[in-house]
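To start, the structure itself, in structure tokens.
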Amino acid sequence: MSAKRKLRIGLIGTGFMGKAHVFGFASAQKVFDLPLQIELHTVADVTEAAASRAASDFGFAHATTEWRRMIDNPDIDIIDITAPNALHKEMALAAIAAGKHVYCEKPLAPLAADAREMAEAAEAAGVMTQVGFNYLCNPMIRLAKEMIEAGELGEIRGYRGLHAEDYMADATSPFTFRHDPAGGGALADIGSHALATAEMLLGPISAVMGDCVTMIGERPDGKGGLRKVTVDDVGRAFLRFANGAQGSIEGNWIATGRKMQHDFEVYGTKGALCFSQERFNELHFYTTSDLPGRRGFRRIEAAPDHPPYGRFCVAPGHQLGFNDLKAIEVAGYIAAIAGEAPEPFNFRKGLRIQTLVETIQHSSTQRQWKEIAD
Ligand code: NAD
């Protein structure tokens, strides 16, 4: 029997991310020496069938269709929100009011004003929050940050980032919560990941010039008709960073053929880095310190030298997977709750990304550069 204090999870939503979070909780417990013991307490979904099936498949002790009742349960310590975006605020504020720690999927909320209310409520209540920007947990992206900060690329001049997939490329794919006029769209949904990575690597973005475009203006409404779509299918922005670098990002969910192109390139005076999530166990590095005639991008493969890769596998080049990033995210969050690690990517940081998204959208509408407010 473990003598560790238990941390009981209440999960809302059992879809794509609900399952990924369960993988994260299960692996984190086995792979890391967590200071607290995770217990899968209750899972909530809309229907009895979905909640019960998830409880049995995922290993939760209880299932419910009443997420509010779950939040009121004093036995539960963390409310984990993997429900659609428009529900995040209501669920998180209720959980915070009940004194729970809150782990919430991105985007934190459809609107920056809502994200601010959530961040401020969490800070006032003193609960620990985490937003699911899992790509930031990749050891190779952390290595890129380390190399940039150590000056291996010299002075950083340029950045190109994008997050492109094709799950909305088919015009007959139906209207979903991701098309909600209040905060949906490719920029918010996946461009937010590109923005989070850009700021993690280069520091604060100070100004943006956006261009957000709706390419597919209506989609099946699931009732035999069509529903108008107003959110962007592609959101792009030119960026100015506070450190003097300039660049661009793109969020694109109609990039035919692309399944997971969370990519970036960083250019400095002495070197460059290239990364693609489609081969996310590799980082490509170019340095001008190589002899002329010998220069070229070298491929660095993920290995135990890149923590916490070694926790998963002792052998280099054997590769981590998407769900492992969730395990790393969970481990950081649990350690922070126990006071053993710095604040994770919390609601305040989630607000920051939402502010960037919204400023890019305003810039696009007004066709002008916009400074980023703090
Ligand atoms: P999904 O549709 O697969 O799952 C959503 C789940 O929430 C479903 O099980 C649905 O029944 C449930 N749900 C809806 N309303 C509910 C309610 N009132 N009470 C309880 N459960 C309810 O969606 P998904 O792809 O898992 O996306 C969920 C969230 O995760 C979104 O915010 C999305 O942006 C985010 N997401 C993050 C990543 C990432 O890489 N971090 C990837 C995909 C999705």
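A short reminder: the numbers here are calculations on the coordinates, not readings from a lab. The structure displayed is predicted, hence computed values, not measured ones. When we count neighbours, we look across all protein chains shown, and the Cβ atoms used for this are built from the backbone with ideal geometry, even at glycine.
Which residues make up the longest stretch of the chain clear of GluC sites (Glu not before Pro) that lie in a DSSP loop with no more than 15 other Cβ atoms within 10 Å, not counting the sites?
Answer - 156-339.
Name all residues of the stretch 218-261 having a backbone nitrogen under 11 Å from the label point set 7 Å from the Cα of D166 along its Cα→Cβ direction, giving them as ranges.
254-260
Using the number of other C-beta atoms within 10 angstrom as an exposure proxy, rank L111, L153 with the fewest first.
L111, L153
Please state the relative contact order of the stretch 6-134 as a whole percent: Cα pairs under 8 Å, 6+ residues apart?
On the way: 227 pairs, mean separation 29.9, N = 129.
In percent, rounded to a whole number, it is 23.
Please state the relative contact order of the chain as a whole percent: Cα pairs under 8 Å, 6+ residues apart?
20
Label points 7 Å out from Cα along the Cβ direction at A49 and E278: separation in nm?
3.7
For the stretch 150-227 and the stretch 19-42, what is the centre-to-centre distance using only Cα atoms, to the nearest Å?
Centre-to-centre (Cα) distance: 30 Å.
Determine, for M17, M168, the number of other Cβ atoms within 10 Å of each Cβ, and report the residues in order from fewest to most.
In increasing order of surrounding Cβ atoms, one gets M17, M168.
Net charge around G184, counting only other residues with Cβ within less than 11 Å of its Cβ (Lys, Arg = +1; Asp, Glu = -1)?
Around G184, the charge tally is -3.
Report the far tail of the P(r) of the stretch 6-134, meaning the percent of Cα-Cα pairs longer than 23 Å.
Everything past 23 Å amounts to 26 percent.
Name the shape class, rounded, prolate or oblate, that the alpha-carbon gyration tensor gives for the stretch 236-301, where a ≥ b ≥ c are the square roots of its eigenvalues, rounded holds for a/c under 1.5, and otherwise prolate holds if a/b is larger than b/c and oblate otherwise.
Oblate, since a/c reaches 1.5 and b/c is not below a/b.
Regarding the chain, what is the average projected area of its C-alpha convex hull, in nm²?
Working: hull surface 79.2 nm².
Convex hull of Cα atoms, orientation-averaged projection: 19.8 nm².
Which values, in whole Å and largest first, are the semi-axes of the equivalent ellipsoid of the stretch 160-242 obtained as the square root of 5 times each eigenvalue of the Cα gyration tensor? Please report the intermediate quantities before stating the final value.
On the way: eigenvalues 166, 25, 19 Å².
Sorted largest first and rounded, they come to 29, 11, 10 Å.
Can you pick out the pairs among K19/K370; K145/K259; K100/K223 whose Cα atoms lie more than 27 Å from each other?
Exceeds cut-off: K19/K370; K100/K223.
Positive end of the dipole of the stretch 4-48, charges at C-beta (+1 Lys, Arg; -1 Asp, Glu), about the Cα centre: which of A26, I9, Q37 has its Cα farthest in that direction?
Q37
Could you tell me what percent of the DSSP beta bridges with both partners in the chain are antiparallel, to the nearest 5?
The antiparallel fraction comes to roughly 60 percent.
Using C-alpha positions alone, give me the convex hull volume of the stretch 302-360 per residue in cubic angstrom.
115
Can you compute the FRET efficiency between H318 and T288 using 1/(1 + (r/R0)^6), with r the Cβ-Cβ distance and R0 = 30 Å? Round to the nearest 0.05. Don't skip to the answer; put the middle values down first.
Values: r = 32 Å, r/R0 = 1.05.
Efficiency at R0 = 30 Å is approximately 0.40.
Determine the calculated [θ] at 222 nm for the chain from helices alone, applying -39500 (n - 2.57) to every DSSP H run no shorter than 4 residues and normalising by the residue count; nearest 500 deg cm²/dmol.
Calculated mean residue ellipticity at 222 nm is -10000 deg cm²/dmol.
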